[in-house]
Amino acid sequence: MHLPHKSPSNNFPSLVKQKWQKSKFFRYSINFIMTIGGTEILATVVFLSPQRASIFPTLVFALIPAMFLWWAITIFQNYDDKAESYSQNNTKYKEELDILIQVNHKLHSEIEEQATQFTNLIQETARTLEFYPPFRKLLEKEPGQKKLIGHFTTKSVRDALCIWNISRNDFLELAQEGIRDCKKCQLIHYGSLKELQQHPYLNELQEKQSIRIVILPEEHKDEITDDEKKSEFLKKIGRTPSYAIGEERFFEIAELTDTKKRIKLDDCAILDEQLLLLWQHDRRFATLCFRGEKVFEGILRAFQDLEQQLKGYPNPDTRYQFQPIDGLTNKTSLVE
(Lines give C-alpha, C1' and ligand atoms only; values in the text may rest on other atoms or scores of the structure.)
Protein backbone atom coordinates (compact mmCIF):
# COMPACT_ATOMS: atom_id res chain seq x y z
CA MET A 1 0.00 0.00 0.00
CA HIS A 2 1.50 3.34 -1.09
CA LEU A 3 0.76 6.65 0.52
CA PRO A 4 -0.43 9.42 -1.83
CA HIS A 5 2.35 11.73 -2.93
CA LYS A 6 1.99 15.35 -1.83
CA SER A 7 3.11 17.90 -4.40
CA PRO A 8 5.28 20.90 -3.41
CA SER A 9 2.32 23.19 -4.10
CA ASN A 10 0.35 21.46 -1.35
CA ASN A 11 3.23 21.99 1.12
CA PHE A 12 3.87 25.65 0.26
CA PRO A 13 1.06 27.17 2.43
CA SER A 14 2.15 25.16 5.47
CA LEU A 15 5.79 26.25 4.96
CA VAL A 16 4.74 29.89 4.71
CA LYS A 17 2.61 29.51 7.82
CA GLN A 18 5.51 28.02 9.78
CA LYS A 19 7.86 30.84 8.71
CA TRP A 20 5.11 33.38 9.49
CA GLN A 21 4.81 32.06 13.06
CA LYS A 22 8.56 31.67 13.72
CA SER A 23 10.15 34.77 12.08
CA LYS A 24 9.15 38.37 12.84
CA PHE A 25 11.44 39.64 10.05
CA PHE A 26 9.64 37.43 7.56
CA ARG A 27 6.24 38.74 8.66
CA TYR A 28 7.38 42.39 8.61
CA SER A 29 8.90 41.92 5.15
CA ILE A 30 5.70 40.37 3.80
CA ASN A 31 3.65 43.22 5.30
CA PHE A 32 5.96 45.84 3.82
CA ILE A 33 5.95 44.20 0.37
CA MET A 34 2.14 43.96 0.45
CA THR A 35 1.90 47.60 1.50
CA ILE A 36 4.27 48.78 -1.25
CA GLY A 37 2.49 46.57 -3.79
CA GLY A 38 -0.88 47.97 -2.75
CA THR A 39 0.53 51.50 -3.02
CA GLU A 40 1.86 50.86 -6.53
CA ILE A 41 -1.45 49.36 -7.63
CA LEU A 42 -3.25 52.44 -6.27
CA ALA A 43 -0.79 54.79 -7.99
CA THR A 44 -1.13 52.88 -11.28
CA VAL A 45 -4.93 53.10 -11.12
CA VAL A 46 -4.67 56.84 -10.46
CA PHE A 47 -2.15 57.27 -13.24
CA LEU A 48 -4.29 55.42 -15.80
CA SER A 49 -7.50 57.17 -14.81
CA PRO A 50 -9.01 59.83 -17.12
CA GLN A 51 -8.04 62.48 -14.59
CA ARG A 52 -4.39 61.39 -14.78
CA ALA A 53 -2.13 63.21 -12.38
CA SER A 54 1.65 63.32 -11.90
CA ILE A 55 3.00 59.90 -10.82
CA PHE A 56 5.38 61.15 -8.11
CA PRO A 57 2.88 63.14 -6.05
CA THR A 58 0.46 60.27 -6.45
CA LEU A 59 3.01 57.76 -5.12
CA VAL A 60 3.90 59.99 -2.17
CA PHE A 61 0.23 60.61 -1.41
CA ALA A 62 -0.53 56.89 -1.60
CA LEU A 63 2.57 55.87 0.39
CA ILE A 64 1.73 57.91 3.50
CA PRO A 65 -1.54 56.07 4.35
CA ALA A 66 0.13 52.82 3.28
CA MET A 67 2.89 53.37 5.85
CA PHE A 68 0.29 54.11 8.53
CA LEU A 69 -1.49 50.91 7.53
CA TRP A 70 1.75 48.93 7.70
CA TRP A 71 2.49 50.42 11.12
CA ALA A 72 -0.99 49.50 12.35
CA ILE A 73 -0.68 45.93 11.03
CA THR A 74 2.74 45.61 12.68
CA ILE A 75 1.35 46.78 16.04
CA PHE A 76 -1.50 44.32 15.73
CA GLN A 77 0.89 41.51 14.93
CA ASN A 78 3.10 42.45 17.90
CA TYR A 79 0.02 42.32 20.11
CA ASP A 80 -0.88 38.95 18.64
CA ASP A 81 2.69 37.73 19.25
CA LYS A 82 2.59 38.88 22.85
CA ALA A 83 -0.83 37.33 23.38
CA GLU A 84 0.46 34.03 21.97
CA SER A 85 3.61 34.32 24.09
CA TYR A 86 1.52 35.00 27.20
CA SER A 87 -0.68 32.03 26.36
CA GLN A 88 2.36 29.77 25.97
CA ASN A 89 3.84 31.08 29.21
CA ASN A 90 0.56 30.53 31.00
CA THR A 91 0.46 26.96 29.72
CA LYS A 92 4.05 26.45 30.81
CA TYR A 93 3.39 27.99 34.22
CA LYS A 94 0.30 25.80 34.60
CA GLU A 95 2.34 22.70 33.82
CA GLU A 96 5.03 23.77 36.30
CA LEU A 97 2.38 24.53 38.89
CA ASP A 98 0.84 21.07 38.39
CA ILE A 99 4.29 19.54 38.85
CA LEU A 100 4.81 21.58 42.03
CA ILE A 101 1.41 20.46 43.34
CA GLN A 102 2.32 16.83 42.67
CA VAL A 103 5.69 17.30 44.38
CA ASN A 104 3.94 18.98 47.29
CA HIS A 105 1.51 16.07 47.64
CA LYS A 106 4.42 13.63 47.53
CA LEU A 107 6.36 15.59 50.13
CA HIS A 108 3.25 15.78 52.29
CA SER A 109 2.86 12.00 52.11
CA GLU A 110 6.55 11.48 52.91
CA ILE A 111 6.31 13.88 55.87
CA GLU A 112 3.30 11.98 57.20
CA GLU A 113 5.16 8.69 56.77
CA GLN A 114 8.25 10.10 58.50
CA ALA A 115 6.10 11.47 61.30
CA THR A 116 4.53 8.04 61.80
CA GLN A 117 7.95 6.40 61.84
CA PHE A 118 9.22 9.01 64.28
CA THR A 119 6.25 8.39 66.57
CA ASN A 120 6.90 4.64 66.44
CA LEU A 121 10.58 5.28 67.14
CA ILE A 122 9.73 7.33 70.22
CA GLN A 123 7.38 4.62 71.48
CA GLU A 124 9.97 1.91 70.88
CA THR A 125 12.65 4.02 72.55
CA ALA A 126 10.39 4.39 75.58
CA ARG A 127 9.97 0.61 75.74
CA THR A 128 13.71 0.12 75.27
CA LEU A 129 14.48 2.47 78.16
CA GLU A 130 12.31 0.28 80.35
CA PHE A 131 14.64 -2.63 79.54
CA TYR A 132 17.79 -0.64 80.27
CA PRO A 133 18.19 -1.25 84.06
CA PRO A 134 17.91 -5.08 83.95
CA PHE A 135 20.02 -5.34 80.79
CA ARG A 136 22.71 -3.11 82.27
CA LYS A 137 22.75 -5.12 85.46
CA LEU A 138 23.00 -8.34 83.46
CA LEU A 139 25.77 -7.02 81.20
CA GLU A 140 27.80 -6.03 84.25
CA LYS A 141 27.59 -9.63 85.44
CA GLU A 142 27.76 -11.41 82.08
CA PRO A 143 29.49 -9.18 79.47
CA GLY A 144 30.15 -12.23 77.34
CA GLN A 145 26.46 -12.36 76.34
CA LYS A 146 26.32 -8.86 74.85
CA LYS A 147 25.72 -10.21 71.30
CA LEU A 148 22.76 -12.35 72.32
CA ILE A 149 21.25 -9.59 74.49
CA GLY A 150 21.76 -6.99 71.78
CA HIS A 151 20.23 -9.06 68.99
CA PHE A 152 17.38 -10.26 71.18
CA THR A 153 16.66 -6.67 72.19
CA THR A 154 16.60 -5.63 68.54
CA LYS A 155 14.08 -8.33 67.69
CA SER A 156 11.97 -7.89 70.84
CA VAL A 157 11.84 -4.10 71.11
CA ARG A 158 8.16 -4.09 70.13
CA ASP A 159 7.17 -6.61 72.77
CA ALA A 160 8.99 -6.75 76.08
CA LEU A 161 11.43 -9.67 76.28
CA CYS A 162 9.62 -11.78 73.73
CA ILE A 163 9.42 -12.35 70.00
CA TRP A 164 6.16 -13.34 68.35
CA ASN A 165 5.95 -15.39 65.17
CA ILE A 166 9.57 -16.46 65.14
CA SER A 167 10.62 -19.53 63.20
CA ARG A 168 12.59 -22.36 64.73
CA ASN A 169 15.62 -21.53 62.58
CA ASP A 170 15.61 -17.90 63.72
CA PHE A 171 15.34 -19.04 67.33
CA LEU A 172 18.22 -21.49 66.92
CA GLU A 173 20.36 -18.74 65.38
CA LEU A 174 19.80 -16.68 68.53
CA ALA A 175 20.65 -19.73 70.63
CA GLN A 176 23.82 -20.24 68.60
CA GLU A 177 24.96 -16.69 69.33
CA GLY A 178 24.41 -17.22 73.03
CA ILE A 179 26.16 -20.61 73.04
CA ARG A 180 29.14 -19.18 71.17
CA ASP A 181 29.81 -16.62 73.93
CA CYS A 182 28.97 -18.70 77.01
CA LYS A 183 31.06 -21.11 79.07
CA LYS A 184 28.31 -23.39 80.35
CA CYS A 185 25.14 -24.37 78.53
CA GLN A 186 22.20 -26.41 79.81
CA LEU A 187 19.66 -27.43 77.20
CA ILE A 188 16.20 -28.97 77.09
CA HIS A 189 14.64 -30.88 74.23
CA TYR A 190 10.92 -31.51 74.70
CA GLY A 191 9.46 -34.18 72.41
CA SER A 192 10.48 -37.18 70.34
CA LEU A 193 14.18 -37.93 69.88
CA LYS A 194 13.80 -37.70 66.11
CA GLU A 195 12.40 -34.14 66.39
CA LEU A 196 15.77 -32.71 67.42
CA GLN A 197 16.65 -30.45 64.51
CA GLN A 198 20.10 -30.58 62.95
CA HIS A 199 21.64 -27.11 63.28
CA PRO A 200 25.14 -25.55 63.46
CA TYR A 201 24.58 -24.67 67.15
CA LEU A 202 25.10 -28.39 67.92
CA ASN A 203 28.69 -28.01 66.71
CA GLU A 204 29.21 -24.98 68.96
CA LEU A 205 28.25 -27.14 71.94
CA GLN A 206 31.19 -29.50 71.38
CA GLU A 207 33.61 -26.90 72.76
CA LYS A 208 31.44 -25.94 75.74
CA GLN A 209 30.56 -27.43 79.10
CA SER A 210 27.10 -28.63 78.09
CA ILE A 211 24.38 -31.02 79.18
CA ARG A 212 20.87 -31.76 77.88
CA ILE A 213 17.63 -32.96 79.43
CA VAL A 214 15.23 -34.69 77.05
CA ILE A 215 11.60 -34.55 78.20
CA LEU A 216 9.75 -37.48 76.65
CA PRO A 217 5.94 -37.18 76.51
CA GLU A 218 3.85 -40.24 77.32
CA GLU A 219 3.51 -41.27 73.66
CA HIS A 220 7.31 -41.22 73.16
CA LYS A 221 8.61 -42.65 76.45
CA ASP A 222 9.44 -46.02 74.86
CA GLU A 223 12.00 -44.34 72.58
CA ILE A 224 14.55 -44.74 75.37
CA THR A 225 14.65 -48.44 74.41
CA ASP A 226 14.71 -47.84 70.64
CA ASP A 227 18.36 -48.26 69.62
CA GLU A 228 17.78 -46.94 66.10
CA LYS A 229 16.21 -43.65 67.25
CA LYS A 230 18.85 -43.25 69.95
CA SER A 231 21.61 -43.81 67.41
CA GLU A 232 20.28 -41.08 65.13
CA PHE A 233 19.88 -38.76 68.12
CA LEU A 234 23.45 -39.38 69.32
CA LYS A 235 24.83 -38.59 65.84
CA LYS A 236 23.27 -35.14 66.06
CA ILE A 237 24.30 -34.23 69.62
CA GLY A 238 27.94 -35.34 69.41
CA ARG A 239 29.68 -35.25 72.79
CA THR A 240 26.92 -33.41 74.66
CA PRO A 241 25.64 -35.82 77.37
CA SER A 242 21.85 -36.16 77.34
CA TYR A 243 19.46 -37.59 79.91
CA ALA A 244 15.82 -38.51 79.47
CA ILE A 245 12.91 -38.23 81.87
CA GLY A 246 9.15 -38.50 81.58
CA GLU A 247 7.01 -35.43 81.06
CA GLU A 248 5.02 -35.64 84.30
CA ARG A 249 8.10 -36.32 86.43
CA PHE A 250 10.05 -33.41 84.99
CA PHE A 251 7.35 -30.86 85.81
CA GLU A 252 7.05 -32.30 89.32
CA ILE A 253 10.80 -31.96 89.88
CA ALA A 254 10.77 -28.43 88.45
CA GLU A 255 7.64 -27.57 90.47
CA LEU A 256 6.02 -26.23 87.31
CA THR A 257 3.00 -28.54 87.14
CA ASP A 258 0.61 -25.59 87.40
CA THR A 259 2.21 -23.92 84.36
CA LYS A 260 2.46 -27.05 82.22
CA LYS A 261 -0.59 -26.20 80.08
CA ARG A 262 0.46 -22.58 79.63
CA ILE A 263 4.12 -23.02 78.78
CA LYS A 264 5.65 -25.48 76.35
CA LEU A 265 9.38 -26.03 76.79
CA ASP A 266 9.97 -27.14 73.20
CA ASP A 267 13.56 -25.84 73.07
CA CYS A 268 15.38 -24.21 75.96
CA ALA A 269 18.92 -23.09 76.65
CA ILE A 270 20.27 -21.80 79.97
CA LEU A 271 23.45 -19.83 79.39
CA ASP A 272 25.94 -19.61 82.27
CA GLU A 273 22.97 -20.02 84.62
CA GLN A 274 22.07 -16.37 83.98
CA LEU A 275 19.85 -16.35 80.90
CA LEU A 276 17.04 -18.64 79.77
CA LEU A 277 16.21 -18.65 76.07
CA LEU A 278 12.94 -20.50 75.43
CA TRP A 279 10.92 -21.27 72.29
CA GLN A 280 7.33 -22.56 72.10
CA HIS A 281 6.65 -24.41 68.84
CA ASP A 282 2.84 -24.25 68.72
CA ARG A 283 2.77 -20.50 69.42
CA ARG A 284 5.95 -19.60 67.48
CA PHE A 285 6.95 -17.60 70.51
CA ALA A 286 10.43 -16.97 71.98
CA THR A 287 11.18 -15.64 75.46
CA LEU A 288 14.32 -14.36 77.15
CA CYS A 289 14.20 -14.81 80.97
CA PHE A 290 16.46 -13.81 83.83
CA ARG A 291 17.19 -15.40 87.19
CA GLY A 292 14.25 -15.07 89.52
CA GLU A 293 11.59 -15.90 86.93
CA LYS A 294 9.46 -18.87 88.00
CA VAL A 295 10.04 -20.89 84.84
CA PHE A 296 13.77 -20.18 84.91
CA GLU A 297 14.12 -21.25 88.54
CA GLY A 298 12.02 -24.39 87.91
CA ILE A 299 14.16 -25.54 84.96
CA LEU A 300 17.33 -24.75 86.91
CA ARG A 301 15.96 -26.84 89.78
CA ALA A 302 15.64 -29.84 87.44
CA PHE A 303 19.26 -29.44 86.30
CA GLN A 304 20.41 -29.21 89.91
CA ASP A 305 18.57 -32.45 90.62
CA LEU A 306 20.33 -34.06 87.63
CA GLU A 307 23.72 -32.81 88.84
CA GLN A 308 23.08 -34.35 92.25
CA GLN A 309 22.29 -37.67 90.56
CA LEU A 310 25.52 -37.49 88.52
CA LYS A 311 27.49 -36.81 91.73
CA GLY A 312 26.14 -40.05 93.20
CA TYR A 313 23.16 -38.73 95.10
CA PRO A 314 20.16 -39.87 93.03
CA ASN A 315 16.57 -39.47 94.10
CA PRO A 316 15.59 -42.58 96.07
CA ASP A 317 12.42 -42.78 93.99
CA THR A 318 13.48 -44.26 90.66
CA ARG A 319 10.57 -42.58 88.93
CA TYR A 320 12.37 -39.25 89.39
CA GLN A 321 15.74 -40.44 88.14
CA PHE A 322 17.15 -39.33 84.77
CA GLN A 323 18.16 -42.06 82.36
CA PRO A 324 21.27 -41.50 80.20
CA ILE A 325 20.82 -41.61 76.44
CA ASP A 326 23.86 -43.48 75.21
CA GLY A 327 24.82 -46.36 72.97
CA LEU A 328 23.92 -48.96 75.58
CA THR A 329 20.68 -50.85 75.13
CA ASN A 330 17.99 -49.98 77.66
CA LYS A 331 15.66 -52.87 78.36
CA THR A 332 13.04 -50.82 80.19
CA SER A 333 11.29 -47.62 79.27
CA LEU A 334 10.97 -44.66 81.58
CA VAL A 335 9.39 -45.54 84.87
CA GLU A 336 6.13 -43.79 85.49
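The values are calculated or read from the model by the stated rules, or taken from the named source; none is laboratory data. The structure displayed is predicted, hence computed values, not measured ones. Every residue, glycine as well, gets a Cβ built from its backbone with ideal geometry; the counts of neighbours run over all protein chains shown.
Data overview
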read-out	value
Hey, E223 crowded, with 20+ Cβ neighbours inside 10 Å, more than 39 Å from the chain's Cα centre (by Cα), closer than 26 Å to P314 by Cβ and touching a residue at least 12 places away in the same chain (Cβ under 8 Å) or not	yes
Criterion violated by K229 - all others in (1) out of contact with any Gly (no Cβ under 7 Å at 6 or more places or on another chain); (2) under 24 Å from P314 (Cα atoms) satisfied	(2)
Count - residues of segment 279-312 that are part of a helix (DSSP H, G or I), out of contact with any Pro (no Cβ under 9 Å at 6 or more places or on another chain) and polar (S, T, N, Q)	2
Top-ranked residue of segment 240-272 - restricted to ones that are part of a loop (DSSP other than H, G, I, E, B) and free of Cβ contacts under 8 Å to residues at least 40 places away in the same chain, ranked as surrounded by the most Cβ atoms within 10 Å (Cβ to Cβ)	I263
All positions within segment 188-201 that are assigned to a loop (DSSP other than H, G, I, E, B) and aliphatic (A, V, I, L, M)	L196
Residue check, L276 outside any helix (DSSP H, G or I), in contact with a Cys (Cβ under 6 Å, 6 or more places away or on another chain) and within 13 Å of I188 (Cβ to Cβ)	yes
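Yes/no per residue for (1) crowded, with 17+ Cβ neighbours inside 10 Å; (2) in the same structural domain as D317 (by TED's automatic domain parsing); (3) outside any helix (DSSP H, G or I):
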site	(1), (2), (3)
N169	no, yes, no
E177	yes, yes, no
Q186	yes, yes, yes
N203	no, yes, no
I213	yes, yes, yes
E219	no, yes, no
